[in-house]
Amino acid sequence: MDDFAIDEKSGIPVWVQLRNRLIFLITSGHYAVGDQLPTVHKMAIMLKINYNTVNKVYQGLERDGYIVSRRGQGTFVIEFEGAAGAASTTTELITDEYLARMKELGLTPRDVIKLVERRQGAVAKARPPEKGKGERG
């Protein structure tokens, strides 16, 4: 598992680090089509991260067309054909995760928009102005 390193201090969520690394290893050819990935359990133990985190990453990769899980056999790399809606940037990945969690909580798209607008306003009010942006110092 030398191919994986999780940096707890990076500020990037663990699931994003793992997802990005797996996508890189798959798209770069390190894992070829047909190669079996480590089990969710093995990956979680080796990286010392939560099983559910690894499982969520694997489910997302399967949904986006990078891998396929075969019950009782394992998880395998498949030919990636740019599955519709596959997120490629960190901001898209974080947004996708946020939206999925909001949906799990039962929020509608309109609820999410209102929540984001309200929180953006609260964050803007709480943040002191930056030097050089309308403030003389």
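Just a few scattered comments:
- If you bin all the Cα-Cα distances of segment 1-83 at 5 Å, starting from zero, the percentages per bin are 3, 15, 28, 28, 18, 7, 2, 0.
- Local net charge near residue 15, Cβ-Cβ under 9 Å (Lys/Arg +1, Asp/Glu -1): +1
- All-pairs Cα distance distribution in segment 87-127, expressed in whole percent, bin size 10 Å: 28, 44, 28, 0
Each reported figure results from applying straightforward, stated rules to the coordinates on display, with no laboratory input. Only a predicted model underlies this, so the values are computations on that prediction, with no experimental measurement involved. FYI the Cβ positions are ideal-geometry reconstructions off the backbone, even for glycines, and counts take in every protein chain you see.
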